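Comments concern the structure below.
The values are calculated or read from the model by the stated rules, or taken from the named source; none is laboratory data. Please read these numbers as outputs of a predicted model, since none were measured by experiment. Cβ coordinates were reconstructed from backbone atoms using ideal geometry, including for glycine residues, and neighbour counts include every protein chain displayed. To get the accessible areas, we keep the full protein, side chains included, count just its heavy atoms, and leave off ligands, DNA and RNA. Shrake-Rupley method; radii C 1.70, N 1.55, O 1.52, S 1.80 Å.
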Amino acid sequence: MTEEYIDYWQLLASIDSIAAREGRNDEVRLIAVSKNQPVEKLLGLYKQGCRLFGESKVQEWVSKKEALPKDIEWHFIGTLQKNKVRKVVGEVSLIHSIDSLELAKKVAEVSVEKGVTSHILLEVNTSMEGTKHGFTEEEVMETYPQMQLLEGISVDGLMTIGPNTEDEGKIRRAFKNLREIKEKLEKAGKRLPHLSMGMSHDFQIALEEGATLIRVGTLLFGERTQKGG
Ligand SMILES: *Cc1c(COP(=O)(O)O)cnc(C)c1O
């Protein structure tokens, strides 16, 4: 896809047609990644019918949330510091970016305190790029049994950020790898409904490899205009 950005309904239609072509009969959800985008742009998408947004900076998200309609469902997809956990727990329907056992424990503890269950995904570094957060496969396999025992959280699946490359083969291997790790974990426990993978440039490959949640930013909104990560 070469256009700078694409209409919301056009993107949904494109997701549906890829899913149909792949014979997928599970639900695939589109998360509009609105980090570093102004509130007006989120509202524009809201008016087109979008109700699921993903944000990655706690402070930025809190101020947007206050300015926007209350029926928006929020997912937190960015690096989460332990001292910000309290702001997020109970306020988002899914945290995609749990990257350590310590963080999972903190989310569990705050959730119990607030009397809620936090739905989380474990972020896996499938490209082994040093700049990326996330567990290695070994770490996930090793810590998952402990996470399953924690009260206050429900591990609902895995998330990854694909390798930053034009090489489709590499991207596909990373996504396939995430799916295989999920299948291994399922052998040792409950079914994990979610694979969060695929962004603007690689969501088609992700859908082909089984993504249930795709996180699209620039393709929907255009280039990010505000400063920050
Ligand atoms: C920014 C971001 C996205 C969206 O990236 P685009 O390339 O703009 O689609 C998806 N996932 C995460 C975790 C992000 O930080």
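Determine if the range 62-72 includes at least one residue that is free of Cβ contacts under 8 Å to residues at least 12 places away in the same chain and of a type outside the set (Asp, Glu). So that I can check it myself, show each step before the final result.
Of the range 62-72, the ones free of Cβ contacts under 8 Å to residues at least 12 places away in the same chain are 63, 66, 70.
Those left that are additionally of a type outside the set (Asp, Glu): 63, 70.
Yes: one or more hits.
For the range 186-201, state whether one or more residues are farther than 24 Å from residue 120 by Cα and either within 15 Å of the chain's Cα centre (by Cα) or within 14 Å of the ligand (Cβ to nearest atom) (or both).
Taking the range 186-201 and keeping what is farther than 24 Å from residue 120 by Cα, we get 201.
Applying the additional criterion that residues be either within 15 Å of the chain's Cα centre (by Cα) or within 14 Å of the ligand (Cβ to nearest atom) (or both) yields 201.
Yes, that holds for at least one residue.
Which residue pairs have Cβ atoms under 8 Å apart, sit 6 or more places apart or on different chains, and have a first residue in the range 8-32 that is more than 16 Å from the ligand (Cβ to nearest atom) and a second that is of a type in the set (S, T, N, Q) and in a loop (DSSP other than H, G, I, E, B)?
9/48; 26/212; 27/212
Residue check: is residue 19 in contact with a Cys (Cβ under 7 Å, 6 or more places away or on another chain), under 27 Å from residue 119 (Cα atoms) and surrounded by 12 or more Cβ atoms within 10 Å (Cβ to Cβ)? Break it down stepwise before answering.
Working: in contact with a Cys (Cβ under 7 Å, 6 or more places away or on another chain): no; under 27 Å from residue 119 (Cα atoms): yes; surrounded by 12 or more Cβ atoms within 10 Å (Cβ to Cβ): yes.
Spelling it out, it is not the case that residue 19 is in contact with a Cys (Cβ under 7 Å, 6 or more places away or on another chain), under 27 Å from residue 119 (Cα atoms) and surrounded by 12 or more Cβ atoms within 10 Å (Cβ to Cβ).
Please specify each residue of the range 147-175 satisfying the condition of being within 16 Å of the ligand (Cβ to nearest atom), aliphatic (A, V, I, L, M) and open to solvent by less than 10 Å² (accessible area, probe 1.4 Å).
Residues satisfying the conditions are 158, 159, 171, 174.
For every residue, the table says whether it meets (1) of a type in the set (S, T, N, Q); (2) at positive phi.
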position: 96; (1), (2): no, no
position: 99; (1), (2): no, no
position: 132; (1), (2): no, no
position: 142; (1), (2): no, no
position: 152; (1), (2): no, yes
position: 160; (1), (2): yes, no
position: 167; (1), (2): no, no
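Among residues belonging to the range 212-229 that are away from the ligand (no atom under 12 Å from the Cβ) and not hydroxyl-bearing (Ser, Thr, Tyr), point out the one that is modelled with the lowest pLDDT.
So, considering only residues that are away from the ligand (no atom under 12 Å from the Cβ) and not hydroxyl-bearing (Ser, Thr, Tyr), the one modelled with the lowest pLDDT is 227.
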